[in-house]
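Here's the structure, in structure tokens; my notes come after.
The values are calculated or read from the model by the stated rules, or taken from the named source; none is laboratory data. Keep in mind that what you see is a predicted model, and the values were worked out from it rather than measured. Quick reminder, even Gly has a Cβ in these numbers, built from the backbone with ideal geometry, and neighbours come from all protein chains shown.
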Amino acid sequence: MTPSLVLEHRPDTGTKLKNGEDGERWVYMGPRWYQVIDDYLDNPDRYKRTDDHGRQPLITTQYGRPTGDTIYKWVNRLTHPCRIGGCPHDADPLNPATCDALGRDGNASMCPSARSPHAIRRGSITYHLNQDVSPEVVSERCDLSLEVLYEHYDVRTDQEKMTVRKRQLENL
């Protein structure tokens with residue numbers, strides 16, 4: 001079995017792809033990341049839910065399939081540096097007077113270090129480009145045109161681009 005995911009456009013069942021049927025594709029995960037997903041699916045703490053159409057969502061909440069807004073909030077919370085170390089903004093995450101992002105009534109997106117799912121997508125695309133994955137392959141994998149990739153997602157520095165070209169030329 002190939003460690004991959006199949007992305008399908010199913011507008012009638014509430015799981016649309018941004019580019020419709022044109023966005024349908026197989027996405028190779030590789031053994032390492034596929035194992036992460038497999039472990040998540042086997043986690044006894046994971047909510048096992050079935051949606052209104054009899055399907056079992058990959059990512060679940062106690063109420064079923066999470067909304068886009070829920071995922072956005074999760075990513076904002078998970079990208080706070082104070083979750084894995086100290087706060088670089090001299091705030092006390094437990095004190096609402098110094099931290100608007102955390103605490104009981106916090107707003108995760110208020111943290112200057114918080115990142116959105118879009119920023120993670122942009123980082124992933126840049127990472128692949130820096131690893132010598134061709135822009136054409138990245139474009140297909142991420143379902144975006146080369147024009148959009150270069151205009152909005154390729155945030156490599158000029159030096160990073162040169163380093164990639166240098167490695168590719170040395171391998172000829």
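A few notes on this one:
- Residues satisfying the stated conditions in the stretch 130-150, i.e. exposed (fewer than 15 other Cβ atoms within 10 Å of the Cβ), in contact with a Leu (Cβ under 8 Å, 6 or more places away or on another chain) and under 18 Å from LEU7 (Cβ atoms): none
- Residue check, TYR153 of a type in the set (Phe, Trp, Tyr), free of Cβ contacts under 8 Å to residues at least 60 places away in the same chain, at negative phi and surrounded by 13 or more Cβ atoms within 10 Å (Cβ to Cβ): yes
- Of residues in the stretch 102-117 being of a type in the set (A, V, I, L, M), more than 16 Å from the chain's Cα centre (by Cα) and modelled with pLDDT of 75 or more, the one nearest to ILE71 (Cα to Cα): ALA108
- Residue within the stretch 66-80 that is closer than 21 Å to PRO117 by Cβ and in contact with a Gly (Cβ under 7 Å, 6 or more places away or on another chain) present: no
For every residue, the table says whether it meets (1) over 23 Å from LEU144 (Cα atoms); (2) over 20 Å from the mean Cα position of the chain (by Cα); (3) among the acidic types (Asp, Glu).
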| site | (1), (2), (3) |
| --- | --- |
| GLU21 | no, yes, yes |
| GLU24 | no, no, yes |
| ASP42 | yes, yes, yes |
| ASP51 | yes, yes, yes |
| VAL75 | no, no, no |
| GLY85 | yes, yes, no |
| LEU94 | yes, yes, no |
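- Pick from the stretch 59-81, criterion of a type outside the set (Val, Ile, Thr) and touching a residue at least 24 places away in the same chain (Cβ under 8 Å), ranking: nearest to LYS16 (Cα to Cα): ARG65
- All helices (runs of 4 or more DSSP H) inside the stretch 95-172 with 1 or more residues being closer than 24 Å to LYS18 by Cβ and in contact with a Phe, Trp or Tyr (Cβ under 8 Å, 6 or more places away or on another chain): 117-130, 135-142
- Hits in the stretch 24-49 - residues which are within 27 Å of TYR63 (Cβ to Cβ) and either assigned to a strand (DSSP E or B) or in contact (Cβ under 8 Å) with a residue 60 or more places away in the chain (or both): VAL27
- The condition (being more than 28 Å from GLU8 (Cα to Cα) and in contact with a Cys (Cβ under 7 Å, 6 or more places away or on another chain)) is satisfied by just one residue among PRO88, PRO93: PRO93.
- Test: residue in the stretch 14-23 that is touching a residue at least 24 places away in the same chain (Cβ under 8 Å), under 28 Å from HIS128 (Cα atoms), in contact with an Asp or Glu (Cβ under 6 Å, 6 or more places away or on another chain) and in a helix (DSSP H, G or I): yes
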